[in-house]
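A.B. asks: Dumping the structure here so I can ask a few things about it.
The values are calculated or read from the model by the stated rules, or taken from the named source; none is laboratory data. What you are looking at is a predicted structure, and each value in this text was computed from that prediction instead of being measured. Cβ sites come from the backbone with ideal geometry, for glycine too, and all protein chains shown count toward neighbours.
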Amino acid sequence: MKPIDIIGFLHNARSVVQVEITQVKGSSPRDVGALMFVSNDGIAGTIGGGQLEYMALDEARKLLKNNATSARMDVPLGPEIGQCCGGRVEIALTLMGAHARAAAVTRAEADATALPHVYVLGAGHVGRALADQFQYMPVACALVDSREEELSMSGADVAKHLTPLPESLVRDAPKGSAFIVLTHDHALDFMLATEALARGDAAYVGMIGSATKRAKFTQFAKTQSGMTPADLVCPIGAQGSGDKRPEVIAVAVVAEVMAVLTRAATETALIV
């Protein structure tokens, strides 16, 4: 669930219990600090799913039913609860007052602002399939095209930009963004890939195509300055099944991009 969904949940639910993992020993599905919010008829966030989450959900609903303010759980993640992580977690459950709810909304807003940006440059079949997948990922995805009819065919819950100058969006994108280039025109693909690579701070630059297209781009790159064609991923999703259906290509590419973005976030966190 994205931060924006948590914000909506916290604004709309009447009574909410915050469920937080406070200690982990050994293996567990989520780390310390993982949060889930529970109301009488809904949940937002996750502490890892499975039997552990079911037990915490049940405990939170009991807390709401009994008008209690807090509870604690100490759960071994073993055969006795049908999980095999082998660790142990402690969980704090707290009925949220106005101050706690406001603080949680502020945190979620900060998380939403910090989401990495993914620009899908081209709203054809594969571009729309990518938007369909990225709408569920922890990213801020934008689908970009100059063709209104193609852009209008996407029902994904992502930002949509109808523009004759997609290169301007590439130039203005935040540092660490990912760019996936798959327009209807190879010359435009080359221009947008060049713009993205020339930034020097993109987390990922990928262009749809074959090894032949990459070779042509490498030749083209020799005429350009300020870019490193070696940083270009082309073909995209190359570790996939080889299936060329848009939806299957999209799965492989989303996995590829998310792996890069997750690695970049981890490296940044270690530096900080």
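A.B. asks: Give the residues of the stretch 81-104 that are of a type in the set (V, I, T), modelled with pLDDT under 95 and surrounded by 17 or more Cβ atoms within 10 Å (Cβ to Cβ), sorted by residue number.
C.D. replies: Residue satisfying the conditions is V89 alone.
A.B. asks: A further question on this structure: Among the listed residues V75, V120, identify the single one that is over 30 Å from A178 (Cβ atoms), part of a strand (DSSP E or B) and hydrophobic (A, V, I, L, M, F, W, C).
C.D. replies: V75
A.B. asks: If you check every pair at least six apart or on different chains, which have Cβ atoms under 7 Å apart with a residue in the stretch 138-155 that is outside the structural domain of V126 (by TED's automatic domain parsing) and touching a residue at least 24 places away in the same chain (Cβ under 8 Å) first and a residue that is aromatic (F, W, Y) and part of a strand (DSSP E or B) second?
C.D. replies: As it stands, the answer is none, since no pair meets every condition given.
A.B. asks: Which condition breaks for E167 when tested against (1) part of a helix (DSSP H, G or I); (2) buried (at least 19 other Cβ atoms within 10 Å of the Cβ)?
C.D. replies: (2)
A.B. asks: Something else: Please tell me if A193 is part of a helix (DSSP H, G or I), out of contact with any Asp or Glu (no Cβ under 8 Å at 6 or more places or on another chain) and under 20 Å from L261 (Cβ atoms).
C.D. replies: Yes: the conditions hold for A193.
A.B. asks: Given the criterion touching a Gly at 6+ places or on another chain (Cβ under 9 Å) and within 30 Å of A250 (Cβ to Cβ), identify the matching residue among L121, L115.
C.D. replies: Result: L121 is the single residue among L121, L115 that is touching a Gly at 6+ places or on another chain (Cβ under 9 Å) and within 30 Å of A250 (Cβ to Cβ).
A.B. asks: What is the number of the single condition among (1) part of a helix (DSSP H, G or I); (2) surrounded by fewer than 21 Cβ atoms within 10 Å (Cβ to Cβ) that P174 does not meet?
C.D. replies: Against the list (1) part of a helix (DSSP H, G or I); (2) surrounded by fewer than 21 Cβ atoms within 10 Å (Cβ to Cβ), P174 comes up short only on (1).
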